[in-house]
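Worksheet: one structure, shown below.
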Amino acid sequence: MGDSSLFATEQARGRAVYRVYACTILAGICLILYYRATHLPATWQEGRGAWIGLSLAEFWYAFYWIMTQSACWNLVYRRTFKDKLSQRYEERLPNVDIFVCTADPYAEPPNLVVSTVLSLMAYNYPPEKLSVYLSDDGGSILTFYAMWEASQFAKHWIPFCKKYRLEPRAPAVYFSSSHSSSEMSHHEEWLSMKILYEEMTNRVDAIVMSGKVPEELKANHKGFSQWKSEMTSKKHPSIVQILIDGKDPNALDNVGNALPTLVYMAREKDPEYHHNYKAGAMNSLLRVSSVISNSTIILNVDCDMYSNNSDLIRDALCFFLDEEKGCDTAFVQNPQNYNNMTKNDTYGNTLSVMNEVDLCGYDSWGGPPYIGTGCFHRRESLCGMKYTKDYKEDWNKGSGRNPQDDIRKLEERAESQATCTYELNTLWGHELNTLVCATSHAVMRGWANVLEMYFLQILLCGLVVAINVAIYEGLLLRKDKGSILGQLQ
């Protein structure tokens, strides 16, 4: 790539050594299969069925190993040039919407969600171009209360993060880190911020434990009036509340800087209509955000996955805004990394192979898989847009709404996009809904679609089981445990 590129592609070191190693493994596999084929017991000899079963099983796993080499054969790494991005696009960076999904205030504690949302609101990005949406599928007033608390704490937390360039910017993780605050030059400010955070989390925990929000607290925001006594997690109307309006000139933090937009959404739920799990929430977020902000770039994050890199948006934009390769990029996937794992990670919970090998290997074939979180999308790609070399995207377009518009009317328009019947008998329901659902790992439209989507995987797994029947019979039912008699030559 030329000097004008916003990112570079670098090939992994040691590829030649690995390829030699892989070839030796392949040679060993071929020798095993050759031995199996040339030493097949005669029909009159005992153990023929077990031999054939073992041969088929080894052939299947040889095929599987060869397929997995597509992710190991040519690993590539991407390096971004954020300084070039700032030089060219700082004054015209695109708007970004961030989607966070949660469903149950008891399975996913509100304080966990709050920490994630605050880490996203504190990105090193122009706040007037950043909008964070929380989808609460449980429609819980407890989660809404936690988000209201987050909107108040953000006025202190965001300027604190940017002033001292903190990493990570999830307060739950930052304040639980092992470094000593006494060694910091801003010890007193650090301590007062920690006290503010702990007071907030204690209030949220107390409300969650009690299961209700006191009447005196409900007077703090008009949104609390949306909840009625007959509402449940499985049956409730759509609720959209703009907790912070980034277009409001009065939406400022405690040092006078603008705040990003923060929106709470609970889509309508009704037992008569399938809600389609996370994919349905993403569909609703896509429509609701188009009314409020309509940003060209969308990042979706699970509620228990905080951001550990405050420049992540700028890294992703280096791919989308690149003059040469930007038109080939529909989404940018980030790896999932985990903290507090055991030293040896016996069960592979850190997904090290997927993060360090598979994603980089698949990237060399045109792009990594979408893993459900930490992914940046073009809004138009989610809506079925097909790109060409000549296409020029308008990165500065948005909803075009007037900052003077009545917020309640805007919320009502957005709520109409989050009804449970919106997708019935519409073009969205037949086409666009399918696009978003295909990128999510949710069960769609009952078991019929599960069988359709995973038919090949189910067929292959069944084949493996059938192949191994002879082995199971030999090992568990026969007295000789499936051993091959010594008269084979």
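The values are calculated or read from the model by the stated rules, or taken from the named source; none is laboratory data. Just so you know, these numbers come straight off a predicted model, no measurement behind them. Reconstructed Cβ throughout: ideal geometry from the backbone, glycine too, with neighbour counts over all protein chains shown. Each accessible area value is taken on the protein alone, full model and side chains, heavy atoms only, with ligands, DNA and RNA left out. Shrake-Rupley method; radii C 1.70, N 1.55, O 1.52, S 1.80 Å.
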Original post:
Restricting the first residue to segment 256-271 and requiring it to be part of a strand (DSSP E or B), which pairs with a second residue that is basic (Lys, Arg) and open to solvent by 10 Å² or more (accessible area, probe 1.4 Å) meet a Cβ separation below 9 Å and a spacing of at least six or different chains?
Top reply: Thr261/Lys247; Lys269/Lys234; Lys269/Lys235
**OP:** Of all residues in segment 68-105, count the ones that are charged (D, E, K, R) and closer than 29 Å to Phe144 by Cβ.
**Re:** 2
**OP:** Have a look at Lys129, Lys155 and point out the one that is on the phi < 0 side of the Ramachandran plot, open to solvent by less than 40 Å² (accessible area, probe 1.4 Å) and assigned by TED's automatic domain parsing to the domain that holds Val255.
**Re:** Lys129
Subject >> Residue pairs meeting the criteria (Cβ under 7 Å; at least 6 apart or on separate chains; first part of a loop (DSSP other than H, G, I, E, B), in segment 213-229; second open to solvent by less than 50 Å² (accessible area, probe 1.4 Å)) >> reply: Val213/Ile141; Val213/Tyr145; Val213/Ile207; Val213/Phe224; Asn220/Trp148; His221/Trp148; Trp227/Ile141
**OP:** Look at segment 297-326 and say how many of its residues are of a type in the set (Phe, Trp, Tyr) and in contact with a His (Cβ under 7 Å, 6 or more places away or on another chain).
**Re:** 0
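If a residue counts only when it is without any contact (Cβ under 8 Å) to a residue 40 or more places away in the chain, which helices (runs of 4 or more DSSP H) contained entirely in segment 28-124 have at least 1 such residues? Steps first, please.
On the way: elements: 48-68, 82-89, 110-121.
Of the helices (runs of 4 or more DSSP H) lying wholly inside segment 28-124, those with at least 1 residues that are without any contact (Cβ under 8 Å) to a residue 40 or more places away in the chain span 48-68, 82-89.
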Original post:
Can you find even one residue in segment 205-226 that is surrounded by 15 or more Cβ atoms within 10 Å (Cβ to Cβ), within 29 Å of the chain's Cα centre (by Cα) and β-branched (Val, Ile, Thr)?
Top reply: yes
Original post:
Of all residues in segment 356-378, how many are assigned to a helix (DSSP H, G or I), open to solvent by 20 Å² or more (accessible area, probe 1.4 Å) and not hydrophobic (A, V, I, L, M, F, W, C)?
Top reply: 4
Original post:
In segment 249-260, which residues are open to solvent by 10 Å² or more (accessible area, probe 1.4 Å) and in contact with a strand residue (DSSP E or B) (Cβ under 9 Å, 6 or more places away or on another chain)?
Top reply: Pro249, Ala251, Leu252, Ala258
**OP:** Mind counting the residues in segment 58-74 that are open to solvent by less than 40 Å² (accessible area, probe 1.4 Å) and either among the acidic types (Asp, Glu) or modelled with pLDDT of 90 or more (or both)?
**Re:** 1
Original post:
Is it true that Tyr391 is in a loop (DSSP other than H, G, I, E, B), in contact (Cβ under 8 Å) with a residue 12 or more places away in the chain, surrounded by fewer than 15 Cβ atoms within 10 Å (Cβ to Cβ) and hydroxyl-bearing (Ser, Thr, Tyr)?
Top reply: yes
Original post:
Looking at Ser233, is it part of a loop (DSSP other than H, G, I, E, B) and of a type outside the set (Lys, Arg)?
Top reply: yes
Original post:
Considering Arg79, Arg88, Arg92, which residue is closer than 30 Å to Phe320 by Cα, open to solvent by 60 Å² or more (accessible area, probe 1.4 Å) and either touching an Asp or Glu at 6+ places or on another chain (Cβ under 8 Å) or at pLDDT below 90 (or both)?
Top reply: Arg79
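Of Asn300, Asn309, Asn283, Asn250, which residue is touching a residue at least 12 places away in the same chain (Cβ under 8 Å), assigned to a loop (DSSP other than H, G, I, E, B) and not β-branched (Val, Ile, Thr)? So that I can check it myself, show each step before the final result.
Values: Asn300 fails: assigned to a loop (DSSP other than H, G, I, E, B); Asn283 fails: assigned to a loop (DSSP other than H, G, I, E, B); Asn250 fails: touching a residue at least 12 places away in the same chain (Cβ under 8 Å).
Testing whether each residue is touching a residue at least 12 places away in the same chain (Cβ under 8 Å), assigned to a loop (DSSP other than H, G, I, E, B) and not β-branched (Val, Ile, Thr) leaves just Asn309.
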Original post:
Within segment 262-279, which residues are out of contact with any Cys (no Cβ under 8 Å at 6 or more places or on another chain) and open to solvent by less than 10 Å² (accessible area, probe 1.4 Å)?
Top reply: Leu262, Val263, Tyr264, Met265, Ala266
Original post:
If you check Ser115 against the conditions, is it of a type in the set (Ser, Thr, Tyr) and surrounded by 14 or more Cβ atoms within 10 Å (Cβ to Cβ)?
Top reply: yes
Original post:
Pick from segment 306-355 the residues that are among the charged types (D, E, K, R) and open to solvent by 90 Å² or more (accessible area, probe 1.4 Å): which of them is modelled with the lowest pLDDT?
Top reply: Lys343
Subject >> Hits in segment 182-201 - residues which are under 23 Å from Thr116 (Cβ atoms) and either in contact with a Pro (Cβ under 6 Å, 6 or more places away or on another chain) or exposed (fewer than 11 other Cβ atoms within 10 Å of the Cβ) (or both) >> reply: Ile195, Tyr197
